[in-house]
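Q: Pasting in a structure now, in structure tokens, and then I'll have a few things to ask.
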Amino acid sequence: MKTISRTKAAYLNSSIATIAQFINLIFSFITRYFFIHELGSIYLGLNGLFLNILNILSFAELGIGSAITFSLYGPIYEHNHHDILALMKLFRTVYRAVASIIFVCGMILLPFLTDFIANKNLSSTVGNVYFAFFLALMNVVVSYLLSYKRSFLIAAQLGYIDSVNRLLFNVFTQIFQIIFLLTIHSFYLYLFIQLLLTFLSNVRITIIANKRFPYLKDLSKAERVSKDVVDYLKKNVVGMMSAKFGGVVVNGTDNLILSSFIGLSIVGLYSNYTLFLTGLSGVLTQGISAVTSSLGNLGSEAGSINRQKDIFHQYQYINNFVSVFGSFGLALFIPDVIHLWAGKSYLLSALVTFLIIENFFLIQLRQNVINVTNAYGLYWFERYKALIEALSNLIISLGLVVIFKMGIEGVLLGTIASNIFVNSWWEPMIVFQNRLHGIWKRYTFNYLAILFVGTALLFIQIFVINRLFSNVSIAEIIIKGLVFIVSLIAALIITSICAHISPIKLIKERIG
């Protein structure tokens, strides 16, 4: 098995993943533009509802894939083909079972689909909602077939291969979707194209993996995984199951609450913002999380704990800067982009915009800890955190929406509350108690500094700077660009002082 250095793998995976995700983001905006103008906000809301329901059904995966991927780090580092084949056979079996469970659960849910929609007469507007959901369901089912070798490439620090493959098929998917939206105006065909290209993408990545690692072709001769690995998986699947449940509730119920109590139109408006946030988060997170396999590889090396601590601090520093970079850009320019792209009627209020981006900011600040947790396989220790996160988010969101009639603001406040009162301290505590001991004070100081400074600057950008302009103009873009640069420099200076890290020195070390 050919290997490359951790540093080279980290930079290669991170850079290519970021570039690929950015290109995907551009094409997603273009496709969404034609989707809105050809099909309208009702279809947009319906598509967003489908995505949230299917995200909940994906709970069937239970995070087993992540646990198995972590188990691959050691055998890959040791070039142990015997254990690799055993784990890959288990991976294949699990994902086939997951695909079957999701399909069955989706078909059971199908007759009750309209219960999640405030407008019960929606079929007269958009046609057969059930057939559309079936196509969306099959896209998720197919995504689990043949995808286990994709995870192997990522564990082997070859994630850039998967990034390029995803980029090619995403571009093809969206080009064909745009063509058929303009010519046939069919939501069903839009979903079918997505289903077909998802399948072909998995076929191609399997062929690539087999060609690069021929011993992966025949898993029929692979033996069972060892008892130690089975015991580890049983233990960590419980942790991953609760973590998965927390993620599903937090990320998958927002649109369900909105569509059930408010209506699909607001879901459509909100989904435009989440498209930008998800797209940008994908770009930023790809760059940050692409080094997870390298961190896992380093964690398999004995006697490297001090180096791991140093890298963790540098990782937090980089993630903090990336988080404010993305959040400031969204705060200043997302209203203008949506105004020009979809129309002024698709804009949400300044308060809602602030809550959306503040939530984005909080989530991005967590990414370094999340990726370190994944790299070290600390899933078992998250089991209670995820459940409390999910329940607090759901209870607060429903209470604010149903009792206090707060609408979308209530949903967003529920998510923000769970991030601040649960995730912000519990997730890093897991890492510090079980792996990187003695560095929690430095981490906490850095986190609180960037949180308060970043939030204050976001408030000024949204409620002061944005309100100075009513129409998009060159002068506005220039002024906002200057505000963005000044805000970024201020955040960089404060982050550097708090972290005791010089960005120039850090760059020189990485280049050297």
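Q: From the list SER392, SER418, exactly one residue is in the same structural domain as ILE311 (by TED's automatic domain parsing) and within 24 Å of SER327 (Cα to Cα). Which is it? Working first, answer last.
A: Details: SER392 fails: within 24 Å of SER327 (Cα to Cα).
Unique residue meeting the criteria: SER418.
Q: Another one. Is it fair to say PHE103 is out of contact with any strand residue (DSSP E or B) (no Cβ under 9 Å at 6 or more places or on another chain) and without any contact (Cβ under 8 Å) to a residue 40 or more places away in the chain?
A: Working: out of contact with any strand residue (DSSP E or B) (no Cβ under 9 Å at 6 or more places or on another chain): yes; without any contact (Cβ under 8 Å) to a residue 40 or more places away in the chain: yes.
Considered against the rule, which asks whether it is out of contact with any strand residue (DSSP E or B) (no Cβ under 9 Å at 6 or more places or on another chain) and without any contact (Cβ under 8 Å) to a residue 40 or more places away in the chain, PHE103 comes out as yes.
Q: Kindly evaluate THR206 against the criterion of being of a type in the set (S, T, N, Q) and at pLDDT 75 or above.
A: Details: of a type in the set (S, T, N, Q): yes; at pLDDT 75 or above: yes.
When the stated conditions are applied, THR206 passes them.
Q: Does region 424-443 hold any residues that are part of a helix (DSSP H, G or I) and β-branched (Val, Ile, Thr), and which are they?
A: The initial filter retains those residues of region 424-443 that are part of a helix (DSSP H, G or I), namely 424-434, 440-443.
Across region 424-443, the qualifying residues are ILE430, VAL431.
Q: Another question, if that's okay. Only one residue in THR495, THR455 is in a helix (DSSP H, G or I), assigned by TED's automatic domain parsing to the domain that holds ILE439 and more than 22 Å from PRO335 (Cβ to Cβ). Which one? Break it down into steps so the answer makes sense when it comes.
A: Numbers: THR455 fails: more than 22 Å from PRO335 (Cβ to Cβ).
Of THR495, THR455, the one residue that is in a helix (DSSP H, G or I), assigned by TED's automatic domain parsing to the domain that holds ILE439 and more than 22 Å from PRO335 (Cβ to Cβ) is THR495.
Q: Within region 339-367, which residues are in a loop (DSSP other than H, G, I, E, B) and either buried (at least 17 other Cβ atoms within 10 Å of the Cβ) or touching a residue at least 40 places away in the same chain (Cβ under 8 Å) (or both)? First the steps, then the outcome.
A: From region 339-367, those in a loop (DSSP other than H, G, I, E, B) are 342-343, 347-349, 366; that's our starting set.
Hits for region 339-367 are ALA342, LEU347, LEU348, ARG366.
Q: Quick check: anything in region 247-257 within 21 Å of the chain's Cα centre (by Cα) and at pLDDT 75 or above? Show your work before the answer.
A: Taking region 247-257 as the starting set, the residues that turn out to be within 21 Å of the chain's Cα centre (by Cα) are 247-257.
Restricting the remaining residues to those that are at pLDDT 75 or above gives 257.
Yes.
Q: Within region 364-396, track down each residue that is over 22 Å from ALA417 (Cβ atoms), at pLDDT 85 or above and aliphatic (A, V, I, L, M).
A: Once the filter is applied, which keeps residues that are over 22 Å from ALA417 (Cβ atoms), at pLDDT 85 or above and aliphatic (A, V, I, L, M), region 364-396 yields only VAL372.
Q: Do we find that PHE404 is without any contact (Cβ under 8 Å) to a residue 12 or more places away in the chain and under 28 Å from SER496 (Cα atoms) in this structure? Can you show your working first?
A: Values: without any contact (Cβ under 8 Å) to a residue 12 or more places away in the chain: yes; under 28 Å from SER496 (Cα atoms): no.
So PHE404 fails the test.
Q: Of these, ILE101, ILE117, which one is assigned by TED's automatic domain parsing to the domain that holds ILE42, modelled with pLDDT under 85 and on the phi < 0 side of the Ramachandran plot? Full working, then the answer.
A: Numbers: ILE101 fails: modelled with pLDDT under 85.
Of ILE101, ILE117, the one residue that is assigned by TED's automatic domain parsing to the domain that holds ILE42, modelled with pLDDT under 85 and on the phi < 0 side of the Ramachandran plot is ILE117.
Q: Regarding LEU332, is this residue among the aliphatic types (A, V, I, L, M), modelled with pLDDT of 85 or more and part of a helix (DSSP H, G or I)?
A: On the way: among the aliphatic types (A, V, I, L, M): yes; modelled with pLDDT of 85 or more: yes; part of a helix (DSSP H, G or I): yes.
It is true that LEU332 is among the aliphatic types (A, V, I, L, M), modelled with pLDDT of 85 or more and part of a helix (DSSP H, G or I).
The values are calculated or read from the model by the stated rules, or taken from the named source; none is laboratory data. Note that this is a predicted model, so its numbers are computed, not measured. A quick note on method: Cβ atoms are made from the backbone with ideal geometry, for glycine too, and the neighbour counts reach across all protein chains shown.
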